[in-house]
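**Student:** Structure incoming, see below.
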Amino acid sequence: MSMFAALAFGAPVGTTLYAFGGFFAVAAATILVPLITVLLVGLLPSVPAQRGARAGPMKVLAAVWLPGFGSALSSVGFGAMIAFSSLLSAERGWDPLWLTFSTFAVALVAARLFLGHTPDKLGGAKVALACVFIEAAGLALIWFAINPVLAAAGAALTGFGYSLVYPGLGVEAVRRTPPQSRGLAMGVFLDVALGSVLLKSSACPLLALSGHFDGCSECPLLGVKRTCRLHCKMSVFDPKRTHQPIFR
């Protein structure tokens with residue numbers, strides 16, 4: 001959430017810095033600001049390690065690949081926003097250029113801040129399934145937008161939809177593993193989800209050849225099949241279900 005908050009405010013701040021001091025000011029801020037992280041990390045208390053038998057990497061991969069792949073597919077929309085939203089605004093003469101992406105990021109942060117508990121309460125797969133459709137609708141609205149207001153509304157829908165897909169599927173991935181292997185499970189889930197970097201780097205430029213967001217809006221829907229499958233496997237319609245690891 002903090003990363004997306006930084007992305008939301010980084011665009012207008014970066015534009016201001018560039019207008020004030022050019023690339024030198026942007027480069028100086030990019031170098032100096034992350035150094036604050038070193039001070040903050042040094043203040044964090046250590047977390048005691050979980051004892052017990054640990055599952056092997058392949059068993060963890062078998063448990064988390066399905067939610068990880070669903071997260072990867074939903075991230076194509078995020079890749080389109082971060083790579084092409086400003087270019088789309090420039091092409092259509094909308095100002096400011098950063099409005100659509102900043103709106104996307106603000107909506108994402110707000111949704112996670114106020115609704116971040118819903119995957120734990122309602123079930124991660126169920127929440128992710130609903131949010132995938134919202135994300136696709138937002139991308140389609142950006143495609144059809146005839147002015148920056150509609151584009152910003154579509155960006156807000158996209159950010160709201162994408163906001164709970166990753167944590168929702170992450171909840172399901174972690175709950176399918178025993179406590180002593182959850183660090184590994186989250187790492188493997190993240191690796192599978194970050195496999196979308198390859199997907200985004202190849203898919204988004206091809207989809208952008210048409211100059212539209214229609215192809216990008218369809219990509220999150222590819223994750224619906226995976227999420228539905230996970231939805232059924234985890235029996236999320238049963239509010240009394242317990243989340244048990246699939247291996248011990």
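**Student:** Looking at the range 8-28, can you tell me whether even one residue there is in the same structural domain as I146 (by TED's automatic domain parsing), crowded, with 18+ Cβ neighbours inside 10 Å and closer than 24 Å to G138 by Cα?
**Tutor:** Within the range 8-28 (the criterion being in the same structural domain as I146 (by TED's automatic domain parsing), crowded, with 18+ Cβ neighbours inside 10 Å and closer than 24 Å to G138 by Cα), the answer is no, since none of the residues qualifies.
**Student:** Suppose the filter is in a helix (DSSP H, G or I), modelled with pLDDT under 85 and within 21 Å of A173 (Cα to Cα); does V64 pass it?
**Tutor:** Yes, satisfied.
**Student:** Considering only the range 128-178, how many residues are of a type in the set (S, T, Y) and not in a helix (DSSP H, G or I)?
**Tutor:** Counting residues in the range 128-178 that are of a type in the set (S, T, Y) and not in a helix (DSSP H, G or I) gives 1.
Table: residues versus (1) touching a Cys at 6+ places or on another chain (Cβ under 6 Å); (2) surrounded by fewer than 20 Cβ atoms within 10 Å (Cβ to Cβ).
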{"position": "V64", "(1), (2)": "no, no"}
{"position": "A80", "(1), (2)": "yes, no"}
{"position": "S85", "(1), (2)": "no, no"}
{"position": "R92", "(1), (2)": "no, yes"}
{"position": "L108", "(1), (2)": "no, no"}
{"position": "L113", "(1), (2)": "no, yes"}
{"position": "H117", "(1), (2)": "no, yes"}
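**Student:** Can you go through G70, G93 and tell me which one is closer than 23 Å to V165 by Cα and at pLDDT 80 or above?
**Tutor:** Residue meeting the stated conditions: G70.
**Student:** To continue, here is another question. Before we move on, is P12 of a type outside the set (S, T, N, Q) and in a helix (DSSP H, G or I)?
**Tutor:** yes
**Student:** Check M58 against each of (1) touching a residue at least 40 places away in the same chain (Cβ under 8 Å); (2) surrounded by fewer than 21 Cβ atoms within 10 Å (Cβ to Cβ); (3) under 28 Å from G124 (Cα atoms); (4) of a type outside the set (D, E) and name the one condition it does not meet.
**Tutor:** (1)
**Student:** So how many residues does the range 137-149 have that are within 14 Å of F104 (Cβ to Cβ) and touching a Gly at 6+ places or on another chain (Cβ under 8 Å)?
**Tutor:** 6
**Student:** Something else now. Considering only the range 130-173, how many residues are within 18 Å of G116 (Cα to Cα) and either acidic (D, E) or free of Cβ contacts under 8 Å to residues at least 24 places away in the same chain (or both)?
**Tutor:** Count: 3.
The values are calculated or read from the model by the stated rules, or taken from the named source; none is laboratory data. These numbers were taken from a predicted model, which means no experiment stands behind them. Here Cβ is always computed from backbone atoms with ideal geometry, including for glycine, and neighbour counts include all displayed protein chains.
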